[in-house]
Number of protein chains: 2
Amino acid sequence: MNKKYIYSVFLGLLLATPLKAQQALFNSNQVSSPVINDDNTVTFNIYAPKASKVEVTGDFLASQKVQTPFGLQDVPGVAELKEGKGGIWSLTTGKLGPELYSYSFKVNDMPMLDPANVYINRDVASTMNIFIVSERKGDQGDLYRVNEVPHGNVAKVWYDSPTLKMKRRMTVYTPAGYEKGRNYPVLYLLHGAGGDEDAWTTLGRAAQILDNLIASGKAKPMIVVMPNGNMDCQAAPGEWSRGMYTPSFMASVDFKSKPVATMDESFPDIIKYIESNYKVAKGQMNRAVCGLSMGGGHTFAISKRYPKEFGYIGLFSAGLSIGRNAVKESFYDQLKKDKKVQGQLASLFAAHPKLYWIGIGKTDFLYQQNADLRKFLDEKGYKYTYMETEGGHIWRNWRVYLTTFAQKIFK
Amino acid sequence: MNKKYIYSVFLGLLLATPLKAQQALFNSNQVSSPVINDDNTVTFNIYAPKASKVEVTGDFLASQKVQTPFGLQDVPGVAELKEGKGGIWSLTTGKLGPELYSYSFKVNDMPMLDPANVYINRDVASTMNIFIVSERKGDQGDLYRVNEVPHGNVAKVWYDSPTLKMKRRMTVYTPAGYEKGRNYPVLYLLHGAGGDEDAWTTLGRAAQILDNLIASGKAKPMIVVMPNGNMDCQAAPGEWSRGMYTPSFMASVDFKSKPVATMDESFPDIIKYIESNYKVAKGQMNRAVCGLSMGGGHTFAISKRYPKEFGYIGLFSAGLSIGRNAVKESFYDQLKKDKKVQGQLASLFAAHPKLYWIGIGKTDFLYQQNADLRKFLDEKGYKYTYMETEGGHIWRNWRVYLTTFAQKIFK
């Protein structure tokens, strides 16, 4: 087609386009946002005529202490935008370090997304816009970017779980070159409460992290399997027959149908599907499992239930519990009392996993549980690797933990 | 984990959660929206304190004629919400027919998404919330739902295009049972200007349509390949190394890099990848190609360039052009003058494709081009099937065309 014709079709398309999209193209109210400036300051712009207050909140701002019904808590900071010409409100941040950031606006106290930014992540029931800042090749922002490197494929795959008596959906990353390769090791990567099989590829940037680490030779080519850890869900919200429900932290409680098995009980269904349908290297030293928060708890449970199956185990801000008195008793006390779990952990460490990795943020509300686990492991002389970071129970940490863990496995 | 512990972790997670998500869980300002009522009316709710006007726009409203710089045009209707208690504005629609609907709000003239609805589609640079209404099993709304039927897998796949000198991303749907099956026919399903390899699985609900049609025996199990039709893009916005740019209708013009080949020239790269890496039945009668708008133009070009390769050809609201005087000359006049294209079409119809299908809406701005094509085909005695629907150049029509076309192929 020649160029003139292309433009005539273009005009026609415009006419056939919803008013909102037309405004986006022609209306002088249309703004660019966020604008990442050359000095890595970031400018937010929003057209908000008649507004009396416009704010932005996000993890690029220092968190603040706020009194809540549960005590003094860290919450993301809030900054006010200033009104300029034509109803456009703006704010330019200070220089931001390399990172993937999330934000949303509040206009007259009404929370809303940035209408100029189509890049959106969902975290449980919240939607947030995202942007990435990077200073140089190889920094954490660059690791989260889609770079000009070979890319792995990402598939949403339905598998059969006879244990849970349902078909279930998971996300499978196969590395660049998989079509011609063979015998790939497998990382099982688990999400937290409120998450699902989409979480690690959206909030977690797992495909970008793996693409970039593998391309630079820092991680081995591997398959990454991201199942759904909510035992009475088949899939992410909107992706199974329950319809377009509002997500919540407690997918496995909300539906009031008691799951017929736990994550660790049903985990062999996942391994069986992967090892039957992908070009997989089998055996302990070709399998890794890790997860965040609830998924860290799942990792703890799975690795001790199948002590000879995983060569690499990663607990990211893990939610840990084994006993019936979990709320009253410290995790250390639970471990000291539970002979069955002690036996399982003894078997696990007797099988000499190459890596038992624990990562947590200094202000994470699960810090003490993980300190309790370390105390127990230390007493038993079980070897583990520990990483402590700033901050709390946040994706920024989990992306760093995946980046770190992925470089340590299958080597 | 016991239930008490689960709730204690839940509370902890809450504390570690961004303020916005906390509000979503505890704040009395939190509303449900949209609520699909038992009688298939739909109630929109939004917390908009201090607003003086709240409107909703979307394709569930009758379109209205509006004077634009290009003349009188159809645009989606707008309805006002009414303020109730506590800053919550609401509107209940009349009874809606079975369909997937898109909408967004305007608060004090500022366009925004529904903060209570996490289900979002992107159409070029616009984001819109969606909901589905269905009256009974098998209606068009039900066809767009994820039902309790076997599901196909959807993969984002990188392939090599030597013709375009780049790696490119496409979406591949493999039907339920693919792991154990063999010899699947392939439908190549092409998007329009402003779209990309994500469009048919998001706006087009292609995976749901195919899952549901295959489960009910109305369509044959098939692989559906949805490539990217923008010749100087590797992938959808945000999914390749150009970064998080603002999408536009003219991906292939914006980047100012002249594509080295056209869609039809480079199409064999796609077929080669699919037929090398999937369990595919080869040959003309196992290949179908169809597309909407620009993708309908691509379908026209591909099918005549490779006259013996496709048994089923579908033009959905096709953008048609062959000549250098496309803007001045009718498509009929172009066809009548162009001996090369006449020869290609003669070869195509001499190969006896089982189906040459044309669908368009009565008010589509490309109606005349398609009438011109039909006039030419009629004169030549080339057989085709024609479907004319209400409405214009809209996804509602393209989903219906895919539903119709998919039931007619590989039979």
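What follows is calculated from the coordinates using simple rules that are stated; it is not laboratory data. Note that the coordinates shown come from a computational prediction; the quantities given were computed from them, not determined experimentally. In this analysis, Cβ positions are derived from the backbone assuming ideal geometry, glycine residues included, and neighbour counts consider all displayed protein chains.
In the protein assembly as shown, the DSSP beta bridges split such that about 65 percent are antiparallel, to the nearest 5. Counting only Cα atoms, the size of region B:222-380 along its three principal axes is 48, 41, 29 Å, in decreasing order. Report, in degrees rounded to the nearest 10, the 0 to 90 angle that the Cα long axis of helix A:3-15 makes with the longest principal axis of chain A. That helix lies at roughly 80 degrees to the long axis. Helix B:206-215 against the longest principal axis of chain B: what's the angle in degrees, Cα atoms only, rounded to the nearest 10? Between helix and principal axis, roughly 80 degrees. Between A:K308 and A:K362, the FRET efficiency from the beta-carbon distance, with R0 = 41 Å, is close to 0.75. Site pair A:V35 and B:R136 shows an inter-label distance of 5.7 nm when each label is modelled 7 Å from Cα along Cα→Cβ. Only one residue of A:P111, B:G94, B:Y332 has its Cα farthest out toward the positive end of the dipole of the protein assembly as shown, where Lys and Arg carry +1 and Asp and Glu -1 on Cβ, and that residue is B:Y332.
Across region B:220-225, computed HN-Hα scalar couplings (Karplus, 6.51 cos²θ - 1.76 cosθ + 1.60, θ = phi - 60°) run 6, x, 8, 8, 10, 10 Hz from first to last residue, x flagging Gly and Pro.
In summary, the lysines within cross-link reach of A:K218, defined as a Cα separation below 16 angstrom excluding same-chain residues under 8 places away, comprise A:K137, A:K408, A:K411. Straight-line cross-link reach from A:K380 at under 23 Å between alpha-carbon atoms covers these lysines, not counting any fewer than eight positions away in the same chain: A:K304, A:K308, A:K336, A:K337, A:K339, A:K340, A:K354.
In summary, the lysines within cross-link reach of B:K85, defined as a Cα separation below 27 angstrom excluding same-chain residues under 8 places away, comprise A:K50, A:K53, A:K106, B:K20, B:K50, B:K53, B:K95, B:K106. Per residue, chain A reaches -8000 deg cm²/dmol at 222 nm when only DSSP H runs of four or more residues are counted, each adding -39500 (n - 2.57). Where both bridge residues fall in chain A, DSSP classifies roughly 65% of the beta bridges as antiparallel. 3J(HN,Hα) couplings calculated from phi for region B:399-405 with the Karplus curve 6.51 cos²θ - 1.76 cosθ + 1.60 (θ = phi - 60°) are, in sequence order, 5, 5, 5, 4, 4, 6, 4 Hz; Gly and Pro show x.
Charged side chains reduced to their Cβ positions (Lys and Arg at +1, Asp and Glu at -1) give the protein assembly as shown a dipole of some 2100 debye around its Cα centre. Database remark: amide H of B:V280 closer than 5 angstrom to the amide H of B:N183, B:Y184 (H placed geometrically; neighbours at sequence offset of 5 or more, or on other chains; Pro and chain starts carry no H).
Between B:D372, B:D74, B:D142, the residue with the greatest mean-square fluctuation in the GNM of chain B (Cα pairs under 10 Å linked by springs) is B:D74. To the nearest ten degrees, helix B:263-277 and the longest principal axis of the Cα atoms of chain B are 80 degrees apart. Rounded to the nearest whole Hz, the Karplus-based 3J(HN,Hα) values (6.51 cos²θ - 1.76 cosθ + 1.60, θ = phi - 60°) of region B:126-139 follow the sequence 9, 9, 9, 7, 10, 8, 10, 10, 9, 9, 7, 4, x, 6, with x at glycine and proline. Amide hydrogen proximity for A:Y245: with H placed 1.01 Å from N in the peptide plane, the residues at 5 or more positions away or on another chain lying under 5 Å are A:G238. Measuring nothing but how far apart in sequence close Cα pairs (under 8 Å, 6+ apart) lie, relative to its length, chain A scores a relative contact order of 11 percent.
Under 5 Å between amide hydrogens, built in the peptide plane, is the criterion, and for B:K167 it picks out B:S161 among residues at least 5 positions away or on other chains.
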